[in-house]
Amino acid sequence: MAGLSPQAREFINRFQGGFPIVERPFHGVAAKLGMRETVLIQTITELLDQGVLSRFGPLYDATLLGGAVTLAALSAPEADYGRIAETVNALPAVAHNYRREHALNMWFVVASERAYGVRDALGEIRRRTGLAVYDFPKLREFYLGLWLDIDARDRVTTVPVPLTSAPDTTLPLPQDAARIVAATQGGLPLVVEPYARVADELGVPVSTLTAGLQRMLDAGAIRRIGAVPNHYRLGLRGNGMTVWDVPDNRVAEFGALIGGQPFVSHCYERPRHAGVWPYNLFAMVHGHDRSEVLDKSARLRELLGGDVRAHEVLFSSAVLKKTGLRLAA
């Protein structure tokens, strides 16, 4: 990766969330970074073009928007792996798809704006591939948040997501929430007044749009607004899904312990599948290479003590699809 400018580095470090919902948001952010508004917009454009950022804009929570998300897996025969990957990736509901080193060698995230949409998508994958598809819905979330810090040598580390006020999930969402999602889930326009541009596309006053976005942020339907770094492009190429078989009566305790580690980006309780999958605790661990991930996994193993019955690290060996969550209006 080509070296980042100090201002680009500071922008990424500070604004993976917290991007303001105001008339000219780039103006205020640029002032904090000691640069001109137009230079900041050009910098973000270049970071996206270079693949340093995957996207820039709101990150949505499908479940708080009334939809559903799940993690699923299947075992694809090597001789037919490419065709099966294309079949899975062809469904718009599939947001991410990874090849992992395991008998279950294809893992994908399915999201839908309707609760039954995930069930239908998994059924369609079974029908099209003729393979068993194993559903691993989130039972409990212990941590979710990948925030990166880039030092002056462009060395990347994961750090805890900065604390914000807890969302008020009882807040009603704006009436036009679905249209707002459809207009912004691909990212914010890189113009001086991005919210005015989106409001014009929706045919609503800009004040209506910004109030709606703020309401969704306060309610947790938007997790955060800002830059989404491409951790692969920035050097975190060791990415392992660590999975743990722990007693059900200790999964909350162990989930909190694992989720509290700075190198863990996701930690969930998910169901077992008898005879196929014994693990009930999942955690994504990131590092610059596999040895670093294995070292961190060993630290988790030591942290959990003697009640771990089994564990594995499923390394990501290929990104098959990565479009991010896309919900229909």
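Please go through the stretch 130-165 and pick out each residue that is among the polar types (S, T, N, Q) and either in contact with a Lys or Arg (Cβ under 6 Å, 6 or more places away or on another chain) or within 19 Å of residue 231 (Cβ to Cβ) (or both). Break it down stepwise before answering.
We begin by selecting, within the stretch 130-165, every residue among the polar types (S, T, N, Q); these are 157-158, 164-165.
Of everything in the stretch 130-165, those that are among the polar types (S, T, N, Q) and either in contact with a Lys or Arg (Cβ under 6 Å, 6 or more places away or on another chain) or within 19 Å of residue 231 (Cβ to Cβ) (or both) turn out to be 157, 158.
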State the number of residues belonging to the stretch 58-95 that are closer than 20 Å to residue 221 by Cβ and under 13 Å from the mean Cα position of the chain (by Cα).
8
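Only one of these is free of Cβ contacts under 8 Å to residues at least 40 places away in the same chain and touching a Gly at 6+ places or on another chain (Cβ under 7 Å): 93, 68. Name it. Even if it seems obvious, please write down each step before you answer.
Working: 68 fails: free of Cβ contacts under 8 Å to residues at least 40 places away in the same chain.
Of the residues listed, the single one that is free of Cβ contacts under 8 Å to residues at least 40 places away in the same chain and touching a Gly at 6+ places or on another chain (Cβ under 7 Å) is 93.
Give me a count of the residues in the stretch 125-155 that are in a strand (DSSP E or B), of a type in the set (D, E, K, R) and within 23 Å of residue 276 (Cβ to Cβ). So that I can check it myself, show each step before the final result.
Residues of the stretch 125-155 in a strand (DSSP E or B): 134-136, 140-144, 147-150.
Narrowing the set further to residues that are of a type in the set (D, E, K, R) leaves 135, 140-141, 149.
Of the ones still in play, those that are also within 23 Å of residue 276 (Cβ to Cβ) are 135, 140.
Looking only at that region, the number is 2.
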Being in a helix (DSSP H, G or I), among the charged types (D, E, K, R) and within 23 Å of residue 196 (Cα to Cα) is the filter; apply it to the stretch 5-49 and report the residue that is nearest to the chain's Cα centre (by Cα).
46
Please specify each residue of the stretch 1-32 satisfying the condition of being among the hydrophobic types (A, V, I, L, M, F, W, C), free of Cβ contacts under 8 Å to residues at least 12 places away in the same chain and out of contact with any helix residue (DSSP H, G or I) (no Cβ under 7 Å at 6 or more places or on another chain).
31
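Applying the selection to the stretch 286-315, what residues are within 25 Å of the chain's Cα centre (by Cα), of a type in the set (Val, Ile, Thr) and not in a strand (DSSP E or B)? Walk me through how you get there before you give the answer.
Of all residues in the stretch 286-315, those within 25 Å of the chain's Cα centre (by Cα) come to 286-301, 311-315.
Of the ones still in play, those that are also of a type in the set (Val, Ile, Thr) are 293, 313.
293 - this is the single residue of the stretch 286-315 that is within 25 Å of the chain's Cα centre (by Cα), of a type in the set (Val, Ile, Thr) and not in a strand (DSSP E or B).
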Checked the stretch 183-214 for anything among the acidic types (Asp, Glu) and either under 20 Å from residue 227 (Cα atoms) or buried (at least 17 other Cβ atoms within 10 Å of the Cβ) (or both); matches are 193
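Does the stretch 92-110 hold any residues that are in a strand (DSSP E or B) and within 14 Å of residue 122 (Cβ to Cβ), and which are they? Reasoning before the result, please.
Within the stretch 92-110, the subset in a strand (DSSP E or B) is 94-100, 106-110.
94, 95, 97, 106, 107, 108, 109, 110, listed by residue number.
A short reminder: the numbers here are calculations on the coordinates, not readings from a lab. Since the model is a prediction, treat every value here as computed from it, not as a measurement. Don't worry about glycine lacking a Cβ; one is built from the backbone with ideal geometry, like all the others, and counts go over all protein chains shown.
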